[in-house]
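Take a look at the structure below.
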Amino acid sequence: IRNWKVKKKLNVLTLPGGIYEIHVEIYGEERMNIHILIDRSVVKIMKLVAGRRRLFSRNIESPSFQELMKTIELKVPDINGAGHYDAETVTPYGTFRPAFKVVRWLGNDFPTIIYHHGNSEKPFKFRRFARNTFFNIFLNTATPVKANLIALASPLHTVPLKEYRSRAGDLRQFIIAIAVMPVLVENIMSQLKRKVTKPVIVSGISFGGFVTNLHRAFFNTADTYIPLLAGSAMDRLFFDSVFSQIVSAAVHENPEKMKDIMNFEEPFMKIPDKNVFPLLGRYDQFVDLSVHIRCYEGHTVNITELGHVTTAYCTQTMREHIFKNAGIN
């Protein structure tokens, strides 16, 4: 991916996974950044598939992340080695069932990585060519990773696609589904801290990166945080990025309300610990570098010369960043 170039004409670009073909022609001496092109093309496809449906078209009322962190109570089973675990929280707005899988447990004397998927992934499909960054980074390797590995699945990714699409019309459902995840991470952390002797690392990509940062902002109990393609101003995703094309008009008309609900820059930036190691893409059209880098003032930020989609498919870049900052392999 890093070697893709666009000269005068690019006939066919097949996205990784072979799902779509994007035909592009560039005339004259005009040059186009392929990473920007792919991000924008993916959103155009999403918009076509969605038709008239827009994110949060039914409701834009919701408790804020700050409120939810104090009120969500999650039933989490005791962790007993490798296996699948289901959790549950019952709220006035419905029941939410996140899950996690202890994919590999080497023992209490090994570091542990807790990883959250991106929005378009299949969290527990661990095979080649599946949309699964956890598999690509940690399992599809020549040398086994010397760490305990835990994969998370959000409540929006443990339900059928039809239900996911229905919930996506209600901001409250979306916000609670995200807020549940740092609470789940904290429940897992509290169990791990009672028995492990090595560091616990929390990481995630895109929406999973925002979950990573939410946990740091409101709990900060992990040893290391490694967010990929994320910041702490989630509200700006729907104003400053290509995502703005697929949200309802009501969102655009209420920027301050969205900020009150989704933005957690202040508590995130108040944490004095130098324990966060972000990876951002220079040409990311989803998570704008100029907007989301601000919350990392005083921290070292790794910036790839890629976009959002191309970073997600550049496994080596993500793996090297995580392994280096987690201190493994």
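The values are calculated or read from the model by the stated rules, or taken from the named source; none is laboratory data. None of the values given here were measured: they were computed from a predicted structure. Don't worry about glycine lacking a Cβ; one is built from the backbone with ideal geometry, like all the others, and counts go over all protein chains shown. What goes into the accessible areas is simple: the full protein's heavy atoms, side chains included, and nothing from ligands, DNA or RNA. Shrake-Rupley method; radii C 1.70, N 1.55, O 1.52, S 1.80 Å.
Annotations for the structure displayed:
- Where a residue in region 141-162 is under 11 Å from K122 (Cα atoms) and its partner, wherever it lies, is in a loop (DSSP other than H, G, I, E, B) and charged (D, E, K, R), with Cβ under 6 Å and at least six apart: T158/R97
- Residue that is under 21 Å from H215 (Cβ atoms) and in contact with a helix residue (DSSP H, G or I) (Cβ under 8 Å, 6 or more places away or on another chain), where the choices are V276, V242: V276
- Flag for D39 being modelled with pLDDT of 90 or more, more than 24 Å from S166 (Cα to Cα) and exposed (fewer than 11 other Cβ atoms within 10 Å of the Cβ): no
- Residues of region 180-202 that turn out to be in a strand (DSSP E or B) and out of contact with any Leu (no Cβ under 7 Å at 6 or more places or on another chain), as a count: 2
- Total residues in region 124-148 satisfying the condition of being open to solvent by less than 10 Å² (accessible area, probe 1.4 Å) and part of a loop (DSSP other than H, G, I, E, B): the figure is 3.
- Single condition V247 does not satisfy, out of (1) modelled with pLDDT of 95 or more; (2) surrounded by 19 or more Cβ atoms within 10 Å (Cβ to Cβ); (3) of a type in the set (V, I, T): (1)
- Here K257 clears all of (1) surrounded by fewer than 18 Cβ atoms within 10 Å (Cβ to Cβ); (2) more than 27 Å from I175 (Cβ to Cβ) except the condition numbered (2).
- Inter-residue pairs, beta-carbon under 6 Å, first closer than 14 Å to V183 by Cα and in region 73-91, second of a type in the set (S, T, N, Q) and part of a strand (DSSP E or B), 6+ apart: L74/T89
- The requirement of being modelled with pLDDT of 95 or more and within 22 Å of the chain's Cα centre (by Cα) is satisfied by T112.
- Every pair of residues 6+ apart whose Cβ atoms lie under 7 Å, when the first sits in region 217-231 and is within 14 Å of H116 (Cβ to Cβ) and of a type outside the set (A, V, I, L, M) while the second is buried (at least 24 other Cβ atoms within 10 Å of the Cβ) and at pLDDT below 95: none
- Answer residue from region 154-172, given it is outside any helix (DSSP H, G or I) and in contact with a helix residue (DSSP H, G or I) (Cβ under 9 Å, 6 or more places away or on another chain) and is surrounded by the fewest Cβ atoms within 10 Å (Cβ to Cβ) among those: V159
- Selection status of N325, within 17 Å of the chain's Cα centre (by Cα), open to solvent by 30 Å² or more (accessible area, probe 1.4 Å), polar (S, T, N, Q) and at pLDDT 95 or above: no
- Filter result (surrounded by 15 or more Cβ atoms within 10 Å (Cβ to Cβ) and assigned to a loop (DSSP other than H, G, I, E, B)) within region 54-79: R54, F56, S57, R58, I60, S62, P63, S64, I72, L74, V76, I79
- Residue list for region 80-118, restricted to those being open to solvent by 20 Å² or more (accessible area, probe 1.4 Å) and in a loop (DSSP other than H, G, I, E, B): N80, G81, A82, P92, Y93, R97, W105, L106, N108, D109, F110, P111
- Only one of Y85, Y164, Y115, Y93 that is of a type outside the set (A, V, I, L, M) and closer than 24 Å to T315 by Cα: Y115
Here is a yes/no grid of residues against (1) open to solvent by 10 Å² or more (accessible area, probe 1.4 Å); (2) not hydrophobic (A, V, I, L, M, F, W, C):
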{"position": "V200", "(1), (2)": "no, no"}
{"position": "S203", "(1), (2)": "no, yes"}
{"position": "F207", "(1), (2)": "yes, no"}
{"position": "L214", "(1), (2)": "no, no"}
{"position": "F218", "(1), (2)": "yes, no"}
{"position": "A230", "(1), (2)": "no, no"}
{"position": "L237", "(1), (2)": "no, no"}
